[in-house]
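Only one structure is covered here, and it is reproduced in the block below.
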Amino acid sequence: MEKEILSFETIVGLQVKDEILYAEYRNAMKDILEQYEGGFRYDFKIQETLKSETENPINRVFLIYFKNKERKQSFFADPDYKKIRETYFVPSVESTTQIAEYERFED
(Lines give C-alpha, C1' and ligand atoms only; values in the text may rest on other atoms or scores of the structure.)
Protein backbone atom coordinates (compact mmCIF):
# COMPACT_ATOMS: atom_id res chain seq x y z
CA MET A 1 0.00 0.00 0.00
CA GLU A 2 1.32 3.41 -0.96
CA LYS A 3 1.80 5.93 1.82
CA GLU A 4 0.04 9.26 1.47
CA ILE A 5 2.12 12.43 1.37
CA LEU A 6 1.26 14.65 4.33
CA SER A 7 3.30 17.63 3.23
CA PHE A 8 6.27 18.98 1.31
CA GLU A 9 8.69 20.48 3.81
CA THR A 10 11.75 22.69 3.74
CA ILE A 11 14.14 23.38 6.61
CA VAL A 12 15.72 26.82 6.29
CA GLY A 13 18.43 28.66 8.19
CA LEU A 14 18.52 32.47 8.13
CA GLN A 15 20.75 35.20 9.41
CA VAL A 16 18.17 37.77 10.51
CA LYS A 17 19.67 41.24 10.95
CA ASP A 18 16.45 43.14 11.82
CA GLU A 19 14.13 41.17 14.11
CA ILE A 20 11.34 43.77 14.06
CA LEU A 21 11.20 44.00 10.27
CA TYR A 22 11.42 40.21 9.98
CA ALA A 23 8.47 39.85 12.39
CA GLU A 24 6.52 42.27 10.17
CA TYR A 25 7.39 40.09 7.15
CA ARG A 26 6.08 36.96 8.89
CA ASN A 27 2.88 38.75 9.85
CA ALA A 28 2.34 40.26 6.38
CA MET A 29 2.85 36.97 4.50
CA LYS A 30 0.79 34.76 6.84
CA ASP A 31 -2.55 35.00 5.02
CA ILE A 32 -0.98 34.34 1.61
CA LEU A 33 0.92 31.36 3.05
CA GLU A 34 -2.33 29.89 4.38
CA GLN A 35 -4.03 30.41 0.99
CA TYR A 36 -1.40 28.09 -0.49
CA GLU A 37 -1.96 25.51 2.28
CA GLY A 38 1.34 26.35 3.93
CA GLY A 39 2.55 27.03 7.42
CA PHE A 40 5.37 26.61 9.92
CA ARG A 41 5.85 23.44 11.98
CA TYR A 42 8.96 24.59 13.85
CA ASP A 43 10.65 27.95 14.34
CA PHE A 44 13.80 28.52 16.41
CA LYS A 45 16.04 31.44 17.31
CA ILE A 46 19.51 30.01 17.82
CA GLN A 47 22.59 31.45 19.50
CA GLU A 48 25.35 29.08 18.50
CA THR A 49 26.06 26.88 15.48
CA LEU A 50 28.25 23.88 16.30
CA LYS A 51 28.54 22.46 12.76
CA SER A 52 27.57 23.91 9.41
CA GLU A 53 28.23 23.15 5.76
CA THR A 54 27.84 26.82 4.81
CA GLU A 55 29.85 29.95 5.47
CA ASN A 56 26.58 31.81 6.10
CA PRO A 57 25.94 32.57 9.76
CA ILE A 58 22.57 31.29 11.03
CA ASN A 59 20.53 32.68 13.93
CA ARG A 60 17.06 31.43 12.92
CA VAL A 61 15.94 27.96 11.80
CA PHE A 62 12.43 27.02 10.74
CA LEU A 63 10.48 24.31 8.98
CA ILE A 64 7.97 25.56 6.41
CA TYR A 65 5.47 23.17 4.86
CA PHE A 66 3.02 23.05 1.98
CA LYS A 67 0.53 20.43 0.82
CA ASN A 68 2.89 19.64 -2.08
CA LYS A 69 5.83 21.02 -4.06
CA GLU A 70 3.53 22.74 -6.58
CA ARG A 71 1.84 24.71 -3.78
CA LYS A 72 5.25 25.85 -2.54
CA GLN A 73 6.30 27.00 -6.00
CA SER A 74 3.00 28.84 -6.53
CA PHE A 75 3.34 30.60 -3.17
CA PHE A 76 6.85 31.90 -3.88
CA ALA A 77 5.74 33.01 -7.38
CA ASP A 78 2.68 34.89 -6.08
CA PRO A 79 2.98 38.62 -7.01
CA ASP A 80 1.54 39.78 -3.66
CA TYR A 81 4.01 37.58 -1.78
CA LYS A 82 6.88 38.92 -3.88
CA LYS A 83 5.97 42.52 -2.93
CA ILE A 84 5.89 41.59 0.77
CA ARG A 85 9.20 39.75 0.44
CA GLU A 86 10.85 42.75 -1.21
CA THR A 87 9.49 45.18 1.40
CA TYR A 88 10.24 43.19 4.57
CA PHE A 89 12.31 40.05 4.00
CA VAL A 90 15.07 41.43 1.77
CA PRO A 91 16.09 44.29 4.11
CA SER A 92 15.74 42.18 7.30
CA VAL A 93 17.66 39.02 6.31
CA GLU A 94 21.39 38.91 5.61
CA SER A 95 21.56 35.34 4.27
CA THR A 96 19.43 32.26 3.61
CA THR A 97 20.55 28.62 3.73
CA GLN A 98 18.29 25.79 2.59
CA ILE A 99 19.19 22.91 4.90
CA ALA A 100 16.82 20.20 3.61
CA GLU A 101 13.74 19.64 1.51
CA TYR A 102 11.62 16.48 1.48
CA GLU A 103 8.18 14.93 1.23
CA ARG A 104 6.73 13.89 4.61
CA PHE A 105 4.58 10.78 4.59
CA GLU A 106 2.02 9.58 7.11
CA ASP A 107 3.30 6.85 9.43
Discussion item. Could you work out how much longer the chain between residue 2 and residue 102 gets when fully extended? Use 0.36 nm per residue separation minus the Cα distance between them, nm to one decimal.
Written reply: 34.3 nm
Discussion item. Taking every pair of distinct Cα atoms and averaging 1/r, then inverting, what Kirkwood hydrodynamic radius in Å comes out for the chain?
Written reply: 14.7
Worksheet item: Which log10 I(q)/I(0) values, to two decimals, does region 62-107 give at q = 0.16, 0.18, 0.27, 0.29 Å⁻¹ under the Debye formula with one point per Cα?
Response: -0.58, -0.71, -1.16, -1.18
Worksheet entry | Most mobile of 25, 42, 65 in a GNM of the chain (Cα contacts under 10 Å) | 42
Item to complete: Determine the share of the chain's accessible area contributed by carbon and sulfur atoms, expressed in whole percent, with a 1.4 angstrom probe.
Response: 47
Worksheet item: How much length, in nm to one decimal, is gained on full extension between residue 46 and residue 19, taken as 0.36 nm per residue of separation minus their Cα-Cα distance?
Response: 8.4 nm
Fill in: Solvent-accessible area per residue, Å², over region 19-104 with all protein chains present [probe radius 1.4 Å]
68
Response to the item:
Long-range amide H partners of residue 6, meaning residues 5 or more apart or on another chain whose placed amide H is closer than 5 Å, are 104, 105, 106
Discussion item. Given a 10 angstrom Cα cut-off, can you work out which residue in 71, 85, 41 is the most mobile in a GNM of the chain?
Written reply: 41
Response to the item:
Once phi for every residue in region 92-97 is put through the Karplus expression 6.51 cos²θ - 1.76 cosθ + 1.60 (θ = phi - 60°), the whole-Hz ³J(HN,Hα) values, with Gly and Pro written as x, are 9, 10, 7, 8, 10, 10
Worksheet item: Near the amide H of residue 99, under 5 Å away, which other amide H atoms are found, from residues 5 or more places off or on another chain, if H is placed in the peptide plane?
Response: 11, 12, 13
Item to complete: Could you calculate the contour length gain from residue 37 to residue 55, that is, 0.36 nm times the residue separation minus the distance between their Cα atoms, to one decimal place in nm?
Response: 3.3 nm
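The values are calculated or read from the model by the stated rules, or taken from the named source; none is laboratory data. Just so it is clear, the model here is predicted, and its values are computed rather than measured. Ligands, DNA and RNA are stripped out before the accessible areas are found, and what is left, the full protein with its side chains, is counted by its heavy atoms. Shrake-Rupley method; radii C 1.70, N 1.55, O 1.52, S 1.80 Å.
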